[in-house]
1. Within chain A, which DSSP H helices have Cα atoms that stretch 20 Å or more along the helix axis and a mean Kyte-Doolittle hydropathy of at least 0.0?
2. Arrange the following residues from fewest to most other Cβ atoms within 10 Å of their Cβ: A:Arg435, B:Arg232.
3. Fewest to most neighbouring Cβ within 10 Å: what's the order for C:Met317, A:Met86?
4. Report, as an integer, the average count of C-beta atoms from other chains found within 10 Å of each Cβ along A:440-450.
5. Past 31 Å, Cα to Cα, is the threshold; run A:Lys312/C:Lys361; B:Lys82/C:Lys233; B:Lys170/C:Lys239; B:Lys312/B:Lys363; A:Lys312/B:Lys90 against it and keep the listed order.
6. Is chain A best put as rounded, prolate or oblate by its Cα gyration tensor, with a ≥ b ≥ c the root eigenvalues, rounded for a/c under 1.5, and otherwise prolate when a/b is larger than b/c, oblate when not?
7. Place the label 7 angstrom along Cα→C-beta at C:Ala113 and in each other copy, then list the distances from the first to the rest in nm, shortest first.
8. Between the alpha-carbon centers of region A:153-200 and region C:320-374, tell me the distance in whole angstrom.
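Every number here is computed from the coordinates shown, using simple stated rules; none is lab data. Every value quoted in this text rests on a predicted model; they were computed, and no experiment measured them. FYI the Cβ positions are ideal-geometry reconstructions off the backbone, even for glycines, and counts take in every protein chain you see.
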Amino acid sequence: MGQLIGRWIRGATLAPLALLTAGMAFAQEDDVAARLAALEEAVSGSASAYVDNSYLFLIGGIIVMFMAAGFCMLEAGLVRSKNAAMQTTKNVTLFSVAGLMFWLVGYNMAYPAETALMGLLGTTPGPWSGGDLSLESEDGYAPASDWFFQMVFVATAASIVSGTVAERVKLWPFLIFTAVLTAFIYPIVASWEWGGGYLDSAWGFSDFAGSTLVHSTGGWAALTGAIIIGARKGKYFGKSVNPMPGSNIPLAALGTFILWFGWFGFNGASQLAAGTAADINAVAQIFANTNMAAVGGVLAAMVTTAIIYKGKIDATMIFNGAIGGLVSITAEPLAPSMGMSVLIGAVGGVLVVLSVPLLDKFKIDDVVGAIPAHLVCGIWGTMIVPLSYTGAITPNEAGDPSYLGQLIGVLLTGVFVVIASSIIWFALKFTIGVRPSEEDEEMGLDRAEIGLEAYPEFSNR
Amino acid sequence: MGQLIGRWIRGATLAPLALLTAGMAFAQEDDVAARLAALEEAVSGSASAYVDNSYLFLIGGIIVMFMAAGFCMLEAGLVRSKNAAMQTTKNVTLFSVAGLMFWLVGYNMAYPAETALMGLLGTTPGPWSGGDLSLESEDGYAPASDWFFQMVFVATAASIVSGTVAERVKLWPFLIFTAVLTAFIYPIVASWEWGGGYLDSAWGFSDFAGSTLVHSTGGWAALTGAIIIGARKGKYFGKSVNPMPGSNIPLAALGTFILWFGWFGFNGASQLAAGTAADINAVAQIFANTNMAAVGGVLAAMVTTAIIYKGKIDATMIFNGAIGGLVSITAEPLAPSMGMSVLIGAVGGVLVVLSVPLLDKFKIDDVVGAIPAHLVCGIWGTMIVPLSYTGAITPNEAGDPSYLGQLIGVLLTGVFVVIASSIIWFALKFTIGVRPSEEDEEMGLDRAEIGLEAYPEFSNR
Amino acid sequence: MGQLIGRWIRGATLAPLALLTAGMAFAQEDDVAARLAALEEAVSGSASAYVDNSYLFLIGGIIVMFMAAGFCMLEAGLVRSKNAAMQTTKNVTLFSVAGLMFWLVGYNMAYPAETALMGLLGTTPGPWSGGDLSLESEDGYAPASDWFFQMVFVATAASIVSGTVAERVKLWPFLIFTAVLTAFIYPIVASWEWGGGYLDSAWGFSDFAGSTLVHSTGGWAALTGAIIIGARKGKYFGKSVNPMPGSNIPLAALGTFILWFGWFGFNGASQLAAGTAADINAVAQIFANTNMAAVGGVLAAMVTTAIIYKGKIDATMIFNGAIGGLVSITAEPLAPSMGMSVLIGAVGGVLVVLSVPLLDKFKIDDVVGAIPAHLVCGIWGTMIVPLSYTGAITPNEAGDPSYLGQLIGVLLTGVFVVIASSIIWFALKFTIGVRPSEEDEEMGLDRAEIGLEAYPEFSNR
């Protein structure tokens, strides 16, 4: 009965029209009461700001959901073809596991009704359930619109891990790690700040859309995984690094553009409200600043690689430069000026280019460059917040964010995520095992684990 | 003159601001009339709910339009490379034919002013034309926003057929079938329920966003086509099935994500209104439930294939599991709880995995697995509606949906679409012919029909 | 502090709810003043039309931003694999250069506070900076929402050039050209009409969403580049044309769909307002008309190629037919009827098919067919505006658009862009050089300039 057009419509009433008619009919002074009542009904029924706020979450949410496709394309493009089908399978299944666990446990861990340990741990886990659909929620937006928006953030954190540890992790242990990450690790970190917990109340820590809470969390988990799992077979010989070029650069470019596109939802909808002029002005400015940071990241990565590689520029560095710029502005996409946004993003782009060889030096094999883009730039973006932050925009009872408070947040997140992730990765390693056999890794995970090839007709291998 | 910024703006007036000023200037009691008039003008001019409703159709509509790209990528990825350019050409042209026919005939068949045969046949076909753009439509939304939203649904039904009968249908007969499907077959089915026709008035049939009306209709037409046209050359030898693996799995994954993304518009905007708190609450809950059903479909398909294939999981089954889960929730994405949404989707995912070998047993060659995902899950989703349906949300004069009424709807749709499709497929077969010559099929339709190759530099063939 | 859910919300206030309560509490006659005040506060605070307008720019803007991905995929698919990674790199970097330059110079050139030379040249360049975020802008929408929307238009113009001159231009000179195009050339042209300059005030020139201002500007710059740079090595031998087929047709199809998708934002949001019934009606009608024009372009290109090539239809012609149809309707997507929109698009589709061999005759090497689709159809779309234009919709002090006025606009744009582009291309040619060495072109720009290959494991070359 969804679309019975022209006969009746589910809920919309044309109150304004009705009102206008009423107003015309009773244009006498003693009808003031009637006109007032009609106006009040029209205004209270229109729910304008409530709808505008909910739209922000819903539209922002689907755009961020689409980032899952962006990660999928980026990663499918940057792995070798023998693992590309497996990588896309991981991306589809991780998004599913993340959604399930965040419903079952995560949401109420991240936004707990009660906390213990000075706001470090929510004590009210359990499945999320929406409220009464017939009423305006007191929060000022549709309850499920917020759940949906928060859920797609969780999936982002999980997608980061998937790229780093590609090509040498079996599917099931990877999904178990994802389940724990999205049910507990990420939600606990998010609760410290967005759930009003320890970092928020004690340190005035500020992370607008998640440079630390989402991107660094994913990045630390990825780093821990890369170290514990080890590098791909053949990646490092003594001091030399064996390049394993991505099999499909156009898909990686597509993934980059999809992520860039999705980031407008990621940062813009993190304003959390759009029903007033001030709020929608802020959302718009966030869009502009977010774009400028990506611009800075791309151009800085381009120039840096041109300098380092004597004129040649590295396409994958440029793609990661865009992502690095975007991550860098995510901790505070509203307060900086356009020019400062370019600079914040540009530093991120340079950090990406400099971090990649550093990881290789430590024989940390990050297949898609997620650690530089998400972890390093996540830290950078978080640490630079106090420079541009203006208290007027986001008041906090614990005071404005300070460099110390930001550092505390970065470190606490790092320590917690590394310890928690290590426990899970080691537990998996010593039970069901994390890596495929050497033969399977050599053959490629597509044939070993999912029984088909990404490009059965093309590969020259 | 579209963008003369800073000098004048087309239609927006800042009524609220003007009002505020007016209100401040005349703050005396005998100015009540003036203040009331100003308020009434502001409220009636803001058209808040009208705009919110129209936005739902427009945003939902472009997201669903993008599903055409999703089907295109899914199908391009799952055909062999020698037919991949042809498949994408079909997807672009079918979307065009669908749009043209739905404008010329289909819309007014689906939403007829008058019907005959107990509401089984609209009797007022003819081109759709918008109303007076300067007025608020009495329907509560911009007329063209509804046309646009309905049009992209038609294209979805046509896209389903394209995938099943891929690799062995010539372009022109396929497009002729598409024209009839989108001008008559789909619109007639849609009229029975969304047009207020027979199924709605006589049986209280309920199909919120089209598990039966869109997906089963496409699925029945695809099934009929697959049987009449026959399997691809070499697909079946006696009792053995020759696997013909898809040529580009990452594209198929991309298509899956695009469809998932588009489904939020497909189901969410089928609420048809967003201007009140109750409506936007419902839209948001539909988003959440739709996602959970996809999650259920993916995870159930994963586990089922792992059990059947002893640990290996099949990537294409997982992609179709997502689609199957989404189709399953489409008949009623609002009433179920989050947990029930997971289960409804999970059953869909299992059905997909079990249906694929069944089709092979009957030598029905469904290239992309569209029949399991859209037809089988469409039936499942429709039949389970009464379990969760709560009368309060969508009242209907013929009473709440019943299992019998749902079954009648499923069967009537199946019988009609199979008969109508058979007539068209046979008519094409015995006139201009449907299949390419054996040589052309062997060579691939890319070279035979469109004179270029999808991947001229790669293929090892 | 971005997402502190459940404790406080940044800006949204639930004024309507508060109001309702107030209204119930004081339902006596002498409380009229209080009720009026509450109503006024609610209405003025809701900012409904302001938010609706800003949403139009923001949602339209991100959709148009995503067109950058569409151009990227279209171009990556239509170049040979040895240049595909380079082409995607160009697309990512040109989008960045465009954003930077439009912020630094372009916006205030396009929408100048003051002009000289009869409105031909803005005299107030300089970086754009947003206004006071806490206030309603007098323009009726969030300042940055407009900047963002205009910026993505600039990038579109630059993307057009990139496709035409693909495979034989070095990265740095290309980006320098892009910088000048997006800082000066495009903004100056845009200022003549959308900035209220010469074409608008003297000729009543009308170009709703940019058939001339965006698409022809890009097309002229591309044509100039193609002529000055010359054809790809080996493309033309005497009178024979060596076809160089695109390496990845499915990606080109994806690009086409993404562009089609983005065009709803491109044309729809060029209505510039959505806060009233009349405005949202117009946006919706633009969606419908835009789709019909694409439909016409596809079907006309299909039929035309079938006639010319004796039954075979050319996939790339069909993709460019869609784009040609879309460009054709862009100059006036609101006034035409649905049927006229089909025809306008269909003529565009025919023009595309006829223009491609014409360019080859003159040995103008347009790799992706951008000149037929954007330049030829841009001229066609602009010239046909007076046929459907109805003065009531977009009043202009210089009178309704005339065929002469449109012609003046087309010619002035062509002359200016050709001269300006020639100067830049020649300056680059005689200084740093534009073309790679013959060896580099032969090897492919992927290896020559960016040090990796698009598909290192596939290519048979």
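1. A:32-46, A:48-78, A:84-101, A:143-164, A:249-268, A:277-308, A:315-329, A:338-361, A:403-429
2. On the way: A:Arg435 17, B:Arg232 20.
Going from sparsest to densest Cβ surroundings: A:Arg435, B:Arg232.
3. Numbers: C:Met317 24, A:Met86 31.
Lowest to highest Cβ neighbour count: C:Met317, A:Met86.
4. That works out to 2 on average.
5. Working: A:Lys312/C:Lys361 36 Å; B:Lys82/C:Lys233 28 Å; B:Lys170/C:Lys239 34 Å; B:Lys312/B:Lys363 24 Å; A:Lys312/B:Lys90 40 Å.
From the list (A:Lys312/C:Lys361; B:Lys82/C:Lys233; B:Lys170/C:Lys239; B:Lys312/B:Lys363; A:Lys312/B:Lys90), the Cα-Cα distance tops 31 Å for A:Lys312/C:Lys361; B:Lys170/C:Lys239; A:Lys312/B:Lys90.
6. Values: a/c = 1.89, a/b = 1.74, b/c = 1.08.
Verdict is prolate for chain A.
7. Label-point distances to the other copies, shortest first: 5.6, 5.6 nm.
8. Region A:153-200 and region C:320-374 have Cα centres spaced 48 Å from each other.
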